Structures are given as C-alpha cells and as structure tokens.
Amino acid sequence: MGIGDELKIEVVIVGAGVAGLATALALKRVGVRAVVLERSPELRTTGAYLSLFPNAWTALRALGIDHKLTSIYKPFRKGYVTDLEKGSKQALSFTKSTDERINNATGARSVHRKTLLETLANELPTDAIRFSIKIKSIETHTIDGSPLPVLHLDDGSTIIAKVLIGCDGINSTVASWLGLSKPIHSGRYAVRGLSVVPQGHGLNNEIHQFISNQRRAAAVHLTDTEVAWFITYPSTASEDEEMKSSRDPKWIQQKVLEYLSDFPPMLSEFVQQSDLKTLSLAPLKFRKPWDLVYNNICKGNVTVAGDAFHPMTPDLAQGGCSALEDAVVLGRHIGNSFLKHNKIVASEVSEALKLYVKERKWRAIGLIVGAYFSGQVQQGGSGWLNFVRNVLFYRFIFRRLIEVAEYDCGKLPSTTSFTQFDDNHSKVE
C-alpha cells in the first residue's frame, strides 16, 4: 500500500496471533475472505509454548487442523503438585474421561506457539497476512447508511472495511477504540522458557509443579527432548524497577535461578539448558471483569477477540484456548449472515457481532475470575490462602475449575462450496 491509497476490504483482522489467524481460518472455512494486518515483519513467536486443553482441541477440530498437531504432541498423562514447605504431594487429572481414544484426540498437551501459528497461517491464502502494517487511528464513516470502520495507517494509506476484528493483544488499539480500559497488573510476574534436553528429560508426558514461599514453578513435557517451564512470583518495588532497566535473557535466566535456589535441582537444570531466545518475563495482567459488563465489546461492525477481548492470568491455561473458541464462534455468526445473503451485508453484520458477544461475554468473565482466583490461591501467602490451597483447592476446587476446559464452542456452519479468492477485494456496498 502506498501513501494516500484507499483500499476497500470486506473483513479486516488486526493482529496475526492465535486469535487473529484462527479467526481468519474460521471465516475462510465458511467462504469469507479476511485480511490480517500484523505490525511485526513476521509471525510473532513471543511466548514459547501454549498448553491446549480439550476445549481448544474441539475448536481446532472445527477449524479442521487438530490432526496436524495431535500427530506431533502427546497428551499429558497426569500432573503433580508438590508443596515444598509442607513436603506434601498431590496428583492432578486434566480430563474427566478415562477413554484413551478420547484423550489421544482431545487430551491436554502443550505445543510450540510457533508451530500452532504456522499451522494456522499455512491454511490461509498466501496474501491473507500483511506484515509491517501499523494502525495510526480508527474512525467510522457512514456509507450507504451503514457506519463502516476506517483505518488510517502510518504510511498515509486508508482501509475501509465492512467488519473490523481486533485480535491485537493485551494492548489492543481496537479495544481502546471500543472504550475498554487497559488491563491491570495482578501483582505477579511470570517467566517462561523452553529447554532442549537431547538425552531426554524423563518427564514421561507429565507436569510437575512445585510451590514454596509464594513462588510457583513447573516443568511441562513438550516433546521427548524438550521441556516447557515457568515460574510465577509476587512483584516488589525493586522488581518493578529492575523490569524497567533490563530484559537481557541472561539476566532473566540468572533471576530465575535465584528464585529456584530452594526448589528441586531438576528445575534449575532445565533453566540452565534453556534456549535463551525463548525466555520471556512479563507482569501478569487481566481485564477487570466489570469492564466487560458495562463497556462495549462490539460497536457497530467492530469487535475484539482473544487477549484484546479478555486478557487473563495464565493460571487456568485458558488464554490460547479461549482465543480459539472466540474464532469459531465469530466464524459461526459471521458465516451464518454471509451464507444467508451469499455475501457480507454491512448493515447486518452488527447483529452477527452482537450474537457473538452475547455468547462469549459471560464465558470470558468466568475465565478471567477463575484464573485470577486460581492464581492467588495457588501462590498462597496469607494464612487463609495457604489453608484454602492446602486443604481445599487441589482436592476439590481444582476439579471444578478444570471443567471450564470441557467447554464445547460448537461447529462452523456447513457449506457445500468455498468461495475462491483472487487478489481483488470486493467493493464496499
């Protein structure tokens, strides 16, 4: 796109992360062409891995790509939580099913984020993703009686869309335009990384989690020679100051080793064997639930999905899973409208987006609250939090929380033929 150009595109998705690419694929499956605008020069691989639970695999099956990942990654067999202060160990189950066939198809497992993104991207038309595109501002223009989103880009060009979907992450430009407030700090940080262990790590398709003195760390089987790991810990004034001055991977690695000094040596060994490029340190943020109750999640033909919609702490491992759910539900409602008219009708898309928000809002609020509660309890600290964690949480409450992972987001509407796309986009009607 050049300076002063004006391009008309039916569906624009901002952000080529999990939510953005999955939404583009869902729309493709129902015959709708979407263009994804990504500010980075290539697919973003920040966040080395994702844990995907049964609800994510249900969504991936609806998108038609689950088999491409289940053939690579094995489901977790079980998990364990060890309280290092008490010396107690509890077993965890990540599924209600005892059917091995079902668990092999939809069982919880971790995947490389890069592999998931590339699998989604490879299903899209070659020109569906536009890289190095930065949005300067958003406004609406009324065209033929419909208020359509207009994107002004930093190169001086303009895009007019019939539908705008913000999948641009926790600091979403589209969410801000809708009036959603910025996510807030939970008071905790997390470091994540990947380790390569050529001789094998011995985790045997298991998750091993350890808690001590308000720190929580875990080693997660990824492949037979790779381990995903994380640690969460409370923020302090000095930590906040250090965050401003250093993000060097070696500094992060050393910081984690200090926090793990009284944890089992296995964790420190994995951290020392980390691929430094995969290390990420970030404050854990979430959107205030009442923000979704009282503010706009959609406005006219504009909405949000994924972290732009419902950023949450990672304590239920539902960030990526819920983004995939969003994609399928969006694809279903926009697809139903498209199939009814055999085209995108700008004046009716707003109703499809309202149905999407109605279906997703309370699910998102529940996940945000559940994740925050889970994180605070597992982190412990005060006497009553430690009591809830040690006596109630893993024995009773965790089983109920994990039921959110059994959610079925449904299927995409069936169509006997898919629209064939060329390089010419439809004009806005």
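The values are calculated or read from the model by the stated rules, or taken from the named source; none is laboratory data. Because the structure is a prediction, the values reported are computed rather than measured. Neighbour counts are summed over all protein chains in view; Cβ atoms, including those assigned to glycine, are modelled from backbone coordinates with ideal geometry. These area figures cover heavy atoms from the full protein model, side chains too; ligands, DNA and RNA do not enter into them. Shrake-Rupley method; radii C 1.70, N 1.55, O 1.52, S 1.80 Å.
With the simple spin-label model, which puts each label point 7 Å out from Cα in the Cβ direction, the Lys114 to Trp290 separation comes to 4.4 nm. The orientation-averaged projection of the convex hull spanning the C-alpha atoms of the stretch 155-223 amounts to 9.6 square nanometres.
Pairs of Cα atoms under 8 Å, at least six residues apart: use those to get the relative contact order of the stretch 155-276, whole percent. That works out to 24 percent. Tell me, what % of the accessible area of the chain is carbon and sulfur with a 1.4 angstrom probe? That fraction is 50 percent. Computed from the Kirkwood radius of its Cα pairs, the Stokes-Einstein diffusion coefficient for the stretch 311-376 at 25 °C and 0.890 mPa s stands at 189 µm²/s.
Shown for the chain is the translational diffusion coefficient from the Stokes-Einstein equation, using the Kirkwood radius over Cα pairs, a temperature of 20 °C and a viscosity of 1.002 mPa s: 96 µm²/s. Residues whose amide H lies under 5 Å from that of Ala282, counting only those 5 or more places away or on a different chain, are Ala190; hydrogens are built 1.01 Å from N in the peptide plane. With a Förster radius of 45 Å applied to the beta-carbon distance between Thr142 and Lys411, the computed FRET efficiency rounds to 0.80.
Available extension along the chain between His185 and Asn204 is 3.3 nm, counting 0.36 nm per residue and deducting the alpha carbon span. Axis angle, to the nearest 10 degrees, between helix 249-259 and the longest C-alpha principal axis of the chain: 40 degrees. Computed over protein heavy atoms with a 1.4 Å probe, the accessible surface of the stretch 149-296 works out to 40 Å² per residue. For the chain, the longest principal axis of the Cα atoms and the long axis of helix 346-379 meet at an angle of about 10 degrees.
Taking Asp144, Asp326, Asp408 as the candidate residues, the one with maximal mean-square fluctuation in a Gaussian network model of the chain, Cα springs under 10 Å, is Asp144.
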